[in-house]
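These notes are about the structure you will find just below.
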Amino acid sequence: MAAAIVNEHLPTPLDATSEQPPLFDGTTRLYVSYICPFAQRVWILRNYKGLHDKIKLVPIDLQNRPAWYKEKVYHENKVPALEHNGKIIGESLDLIKYVDSNFEGPSLQPKDPAKKEFAEELITYSDTFNKIVFTSFKGDTVKEAGPAFDHLENALHKFNDGPFFLGHELSLVDIAYIPFVEKFQAFLSGVWNYDITAGRPKLTKWIEEVNKIDAYKPTKTDPKVIVELFSARFLAKH
């Protein structure tokens, strides 16, 4: 079972004028942006495992990021990054596995070999899924994005004990997809009037169930904000 609900006060994002938190002082810090889907993966997992006291959220303002973040913390200058045990770890898919394995709380990795293999396959596919949908924004969006959502619909048919990708329990696979499906759904609906759930009953049910997860709720972005941000980024006329 997921950890108890925590009403967490979310800190203000640090910008170019903010001082750097002390590095490697024994505090485990998760550097995020509240609107970044990659960072959101690790944030959801942290919440789900009840690690609010163990992993401190440090939000970064990506539009006005502090110079010290790249120079001292994470040279890639991206989020998420985790400061833990004297080192900095990046890349969201690596991080969800790392946090799941190295911290207490319910494990989100399957023990069943068939589910384990399928989990790896789907986690690997998540990069392809994101790329297909992001690329579609520059072309015939509905036509190009559709097959990626069909792939998810088919994957959700694999195990009959749903509603999640690996059955009745939430796993790292779901956490890998949740932030992107959330943002794609808002953008495709808001801009193209395209409903990703139409004709996809399993995906519909998955989204419904995901939206009930307390660990996920505080990480969600207002759909209007998503539409504005994505429109500025992907639809701006050059």
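The values are calculated or read from the model by the stated rules, or taken from the named source; none is laboratory data. Treat the numbers as computed from the prediction; the structure is a model and nothing was measured. Every residue, glycine among them, receives a Cβ derived from its backbone with ideal geometry; neighbour counts consider all protein chains shown. All accessible areas refer to the heavy atoms of the entire protein, side chains included, with ligands and DNA or RNA removed. Shrake-Rupley method; radii C 1.70, N 1.55, O 1.52, S 1.80 Å.
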inquiry  = I want the local charge near Ala16. Using Cβ-Cβ distances under 12 Å, sum +1 for each Lys or Arg and -1 for each Asp or Glu among the other residues.
reply    = -1
query = Within a Cβ distance under 14 Å of Pro110, other residues only, what is the Lys/Arg minus Asp/Glu net charge?
reply = -3
key: Heavy-atom accessible surface of the stretch 81-238: percent carbon and sulfur, 1.4 Å   = 53 percent
query = Looking at the stretch 1-97, which GluC sites (Glu not before Pro) are in a loop (DSSP not H, G, I, E or B) and have at most 13 other Cβ atoms within 10 Å?
reply = Glu8, Glu19, Glu76
Residue with peak Gaussian network fluctuation, the chain [Cα springs, cutoff 10 Å], from Tyr216, Tyr98, Tyr177 = Tyr98
The stretch 114-235 shape via C-alpha gyration tensor axes, a/c threshold 1.5 = prolate
ask   = Can you give the longest stretch of the chain with no exposed loop site, where a site means trypsin sites (Lys or Arg not before Pro) in a DSSP loop (not H, G, I, E or B) with at most 16 other C-beta atoms within 10 Å?
value = 55-110
remark   = Result for the chain: accessible area per residue, probe 1.4 angstrom, in square angstrom, of 50 Å²
remark   = The value for the stretch 1-156 (convex hull of the alpha-carbon atoms, volume per residue, Å³) is 142 Å³
request  = Rank these residues by their accessible area, most exposed first, probe 1.4 Å: Phe24, Phe234.
outcome  = Phe24, Phe234
request  = Run the numbers on the chain and let me know its relative contact order in percent, using alpha-carbon pairs under 8 Å that are six or more apart.
outcome  = 20 percent
message = Nothing charged except the Cβ atoms of Lys and Arg (+1) and of Asp and Glu (-1): what's the magnitude of the dipole of the stretch 115-238 about its Cα centre? Round to the nearest 20 debye.
response = 360 debye
ask   = Within the chain, which DSSP H helices have Cα atoms that stretch 20 Å or more along the helix axis and a mean Kyte-Doolittle hydropathy of at least 1.0?
value = 172-192
key: Evaluated at q = 0.12 Å⁻¹: base-10 log I(q)/I(0), Debye formula over Cα of the stretch 163-238   = -0.37
key: Leu57 long-range amide H proximity, modeled H, under 5 Å   = Leu30
message = Looking at the chain as a GNM with Cα springs under 10 Å, which of Gly199, Gly90, Gly50 has the largest mean-square fluctuation?
response = Gly199
message = Can you give the log10 of the normalised intensity I(q)/I(0) at q = 0.13, 0.16, 0.22 Å⁻¹, computed with Debye over equal Cα scatterers of the stretch 35-85?
response = -0.33, -0.49, -0.88
key: Most mobile listed residue (His168, His84, His157) in the chain, GNM with C-alpha springs under 10 Å   = His168
task = Quickly estimate the mean residue ellipticity at 222 nm for the chain, helices only: each DSSP H run with n ≥ 4 gives -39500 (n - 2.57), and the total goes over all residues, rounded to 500.
result = -14500 deg cm²/dmol
